[in-house]
Amino acid sequence: MKKVLVALVVLTMVCLGSMAFAAADVSVGGSVQIRSRDFDNLRFSNTDPSGSYADTQERVELDVNVKAGDDVKGKIALWNDFNDWGTIEQQQGNGFGNSLSSSPAADHFGFREAWVNFNVPGIPVNVTAGHQLLALNQGWFLRNKHFGDDAWVIANVTGPNTAAFVNIVAQKNNAAEADSAVDAYALLDVFKIDDGNMVMVDLSYVKAGLSSVVPYPPLGSAVAEFPNIAGSNLYNLGLGYTGKIGPLGLKIEADAQAGKLENPATSEPKFEGNQIVIQGTVALDPVGLEFTLARGSGTKQQSTLVGAPGGPNVGQYINFLDVDPHYTFLYEYKTITAAGARNTGFANTTAASVGANVNVSKSVNVAVDVWYLLATEKDSTPLANATNDTGSPSNYVGTEVDATIMWKLYDNLTWNWNLGWFKPGTCMSAPRVADSTSTAVAGSVEGMTHYITGIQGILSLNF
């Protein structure tokens with residue numbers, strides 16, 4: 001912790017220097033969050049202790065925002081990501097680390113954001129360069145708002161239209177070898193129809209060099225036939241809409257993929273994934289209604305073993321999502337999905353949900369959502385693959401009920417809670433090996449499908 005304090009002191013001195021010598025406006029903010037968690041049966045077995053744990057963690061963030069006139073801005077966000085109580089005083093600062101690490105003493109300290117933004121003199125172009133939080137469209141293909149990405153974003157705003165080019169350096173396994181990098185590029189356009197409606201289109205290209213190391217996870221959905229996407233060229237075309245039709249608020253994203261994986265052992269399979277996600281809300285004060293309809297493709301044909309000739313094309317939708325919850329509280333966020341890993345969005349998942357929220361007081365809102373989940377292609381799921389391609393007897397993934405309590409204690413202090421109950425379906429019964437509940441893919445133990453429960457509360461002070 002001493003190293004953290006030293007870093008904060010140095011950062012404060014830098015800020016004071018900027019105020020004195022650069023005539024810039026500098027503001028300092030941040031947050032302190034305390035997270036309490038208790039999860040049971042993440043491996044679908046109420047007799048397996050490796051699937052249950054409870055802990056309390058703390059996250060500290062310090063944001064420094066700089067503004068020099070109307071044309072230059074910058075930000076540094078320094079944080080210690082969620083770290084188990086009882087270990088926060090251990091030596092830190094040797095590396096960013098991963099908050100999902102199985103070791104509670106792992107380093108979680110680093111820069112969440114560090115970027116500069118400016119308008120190019122004389123031309124209507126805005127540039128943001130550095131480590132920044134990014135999402136494309138509605139965030140169902142690319143969303144990294146937890147750890148951030150190293151990227152360039154070059155944009156032009158002309159009236160109601162915004163066009164932009166994005167370049168992300170996602171990974172560089174060996175600085176001396178260009179073939180070891182994973183790079184992503186995107187062209188996007190957002191058109192504001194009126195104050196309540198806008199449409200968007202984006203075309204993305206992800207290139208993973210032949211020498212790169214890109215396992216599933218952490219980048220993207222699991223494709224059991226291909227544990228590494230090295231040598232892939234993936235294209236994603238996304239269309240989106242955000243707006244209102246009468247009292248109905250809508251967010252829609254549709255994506256289609258192409259490209260191929262340059263892997264001679266599997267005859268260079270092609271990417272053929274697609275997805276559509278429709279989310280709606282109706283505000284009827286003090287009650288609000290919401291729903292989600294979503295389908296992400298899976299691989300239609302049954303899997304063959306890796307290295308076998310004539311391997312299947314990749315029909316499963318590939319996405320690049322962060323480690324935060326995306327829709328359900330347990331399925332997808334805390335346990336294995338029909339795509340074979342965590343944080344896979346709607347890859348090989350068809351989902352429908354209905355929910356409602358109500359303001360029970362001026363400071364408390366309570367929401368309940370019910371999810372019905374299916375495997376889009378049951379025979380291609382890694383869960384079915386775990387049974388040596390005998391296939392799953394069903395595509396029923398399960399039913400989940402989530403409750404959210406949003407409690408505002410003061411203007412800058414909240415204490416929000418998530419509670420979940422998930423009953424896995426038959427197609428989730430295939431065994432899956434997990435080395436720990438913190439890092440990994442959690443799956444069924446001995447073919448069991450006992451229900452999963454979880455509760456998480458985050459006390460958050462923002463300043």
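Taken together, the residues in the range 118-128 that are surrounded by fewer than 19 Cβ atoms within 10 Å (Cβ to Cβ) and in contact with a strand residue (DSSP E or B) (Cβ under 8 Å, 6 or more places away or on another chain) amount to 7.
Just to verify a result, which residue in the range 379-429, among those that are of a type in the set (Val, Ile, Thr) and crowded, with 19+ Cβ neighbours inside 10 Å, is modelled with the highest pLDDT?
We begin by selecting, within the range 379-429, every residue of a type in the set (Val, Ile, Thr); these are 381, 387, 390, 397, 399, 401, 404-405, 414, 426.
With crowded, with 19+ Cβ neighbours inside 10 Å added as a condition, the list becomes 381, 397.
Details: 381: 57, 397: 91.
Looking at residues that are of a type in the set (Val, Ile, Thr) and crowded, with 19+ Cβ neighbours inside 10 Å, I get 397.
When the range 187-226 is limited to residues that are farther than 14 Å from residue 340 by Cβ and among the β-branched types (Val, Ile, Thr), the one that is modelled with the lowest pLDDT turns out to be 214.
If the condition is being surrounded by fewer than 18 Cβ atoms within 10 Å (Cβ to Cβ) and of a type in the set (D, E, K, R), then the range 129-172 contributes 145, 150, 172.
Scanning the range 149-181 for residues that are out of contact with any Gly (no Cβ under 7 Å at 6 or more places or on another chain), at pLDDT below 90 and either among the hydroxyl-bearing types (Ser, Thr, Tyr) or in a strand (DSSP E or B) (or both) gives 169, 170, 171, 172.
If you take the residues of the range 50-69 that are touching a residue at least 40 places away in the same chain (Cβ under 8 Å) and not in a strand (DSSP E or B), which of them is nearest to residue 455 (Cα to Cα)? That would be 52. Is there any pair with a first residue in the range 22-44 that is among the small types (Gly, Ala, Ser) and a second that is assigned to a loop (DSSP other than H, G, I, E, B) and buried (at least 17 other Cβ atoms within 10 Å of the Cβ) whose Cβ atoms are under 9 Å apart and which are 6 or more apart or on different chains, and what are they? Pairs that qualify, where the first residue is among the small types (Gly, Ala, Ser) and the partner is assigned to a loop (DSSP other than H, G, I, E, B) and buried (at least 17 other Cβ atoms within 10 Å of the Cβ): there are none.
Where residues in the range 247-264 are in contact with a strand residue (DSSP E or B) (Cβ under 9 Å, 6 or more places away or on another chain) and either at pLDDT below 90 or among the polar types (S, T, N, Q) (or both), which of them is surrounded by the fewest Cβ atoms within 10 Å (Cβ to Cβ)? Can you show your working first?
The initial filter retains those residues of the range 247-264 that are in contact with a strand residue (DSSP E or B) (Cβ under 9 Å, 6 or more places away or on another chain), namely 247-263.
Going one step further and asking which of them are either at pLDDT below 90 or among the polar types (S, T, N, Q) (or both), we end up with 257, 260-263.
Values: 257: 25, 260: 18, 261: 24, 262: 14, 263: 20.
Out of the qualifying residues, it is 262.
Residue 232: modelled with pLDDT under 85, small (Gly, Ala, Ser) and over 28 Å from residue 332 (Cα atoms), yes or no?
Numbers: modelled with pLDDT under 85: yes; small (Gly, Ala, Ser): yes; over 28 Å from residue 332 (Cα atoms): no.
No: the conditions fail for residue 232.
Output the number of residues of the range 112-147 satisfying the condition of being under 24 Å from residue 326 (Cα atoms) and at pLDDT 90 or above. Step through it out loud before you land on a result.
Taking the range 112-147 as the starting set, the residues that turn out to be under 24 Å from residue 326 (Cα atoms) are 112-113, 131-147.
Those still in the list that are at pLDDT 90 or above too: 112-113, 131-146.
Qualifying residue count for the region: 18.
The values are calculated or read from the model by the stated rules, or taken from the named source; none is laboratory data. Bear in mind that the values here come from a model prediction, so they are computed numbers and not experimental data. For neighbour counting, all protein chains shown are included, and Cβ atoms are generated from backbone atoms with ideal geometry for every residue, glycine included.
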